[in-house]
Amino acid sequence: MTDIEISVVVNEVKRRDRIPPRRTLADYLRETCGLTGTHLGCEHGVCGACSVLLDGAAVRACLVFAVQADGAEVTTVEGLADTDGTLSPVQQAFRDHHGLQCGFCTPGFVVSATAFLRDTPDPGDDEIREALSGNICRCTGYQGIIRAVRDAATTLSTEAPANPQATAGADAKDRV
């Protein structure tokens, strides 16, 4: 097959790449962009380890072809931290509350929680569980994850967003 050129903003960096049309967004991010924080678990969209933000919406990068992201903005777990390396409130809360064990599922949980908290700033525990039900932790770190999301919600409600990537959305197509 003939490679296709795409133009995409990845973690606030404009990129133009020629890629095979059947390359998944996850493989594009990992292999072409070198962003290995997007983990591949089940590669069937079940585990959530590959979750990224696509124009602000949490998606499973293993289920999206990279060509579908043409003209869009993608934010990976690496793009959630500030450029100086300061962790986002969600990342910091996962660290503070041991919302990780082996760490394999953590990027997907962090990305999913970031999108969820943007849309639901004051969630209850049941809402958090429901919102993250598409992400699987094999180490059973769920109690720490719930505490982390609850704490991140509190932190986010008391401060302005430090990273515009967490609120990225429809205007991304205008920047490509």
Only one residue in A49, A57, A81 is aliphatic (A, V, I, L, M), in contact (Cβ under 8 Å) with a residue 60 or more places away in the chain and open to solvent by 10 Å² or more (accessible area, probe 1.4 Å). Which one?
-> A81
Across region 90-134, what is the total count of residues that are within 18 Å of T158 (Cα to Cα) and open to solvent by less than 60 Å² (accessible area, probe 1.4 Å)?
-> 12
Looking at L87, is it closer than 25 Å to T158 by Cβ, at pLDDT 95 or above, open to solvent by 20 Å² or more (accessible area, probe 1.4 Å) and not in a helix (DSSP H, G or I)?
-> yes
Quick one: in region 135-160, which of the residues that are in a loop (DSSP other than H, G, I, E, B) and either at pLDDT 95 or above or open to solvent by 20 Å² or more (accessible area, probe 1.4 Å) (or both) is nearest to V77 (Cα to Cα)?
-> N135
Which number in (1) buried (at least 22 other Cβ atoms within 10 Å of the Cβ); (2) modelled with pLDDT under 95; (3) of a type outside the set (D, E, K, R) marks the one condition that P164 misses?
-> (1)
Could you run through region 5-46 and say how many residues are over 20 Å from V111 (Cα atoms), touching a residue at least 24 places away in the same chain (Cβ under 8 Å) and surrounded by fewer than 16 Cβ atoms within 10 Å (Cβ to Cβ)?
-> 4
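The values are calculated or read from the model by the stated rules, or taken from the named source; none is laboratory data. These numbers were taken from a predicted model, which means no experiment stands behind them. Methodologically, a virtual Cβ is constructed for each residue, glycine included, from the backbone with ideal geometry; neighbour enumeration extends over all protein chains shown. Only protein heavy atoms, including side chains, enter the accessible area calculation; ligands, DNA and RNA are left aside. Shrake-Rupley method; radii C 1.70, N 1.55, O 1.52, S 1.80 Å.
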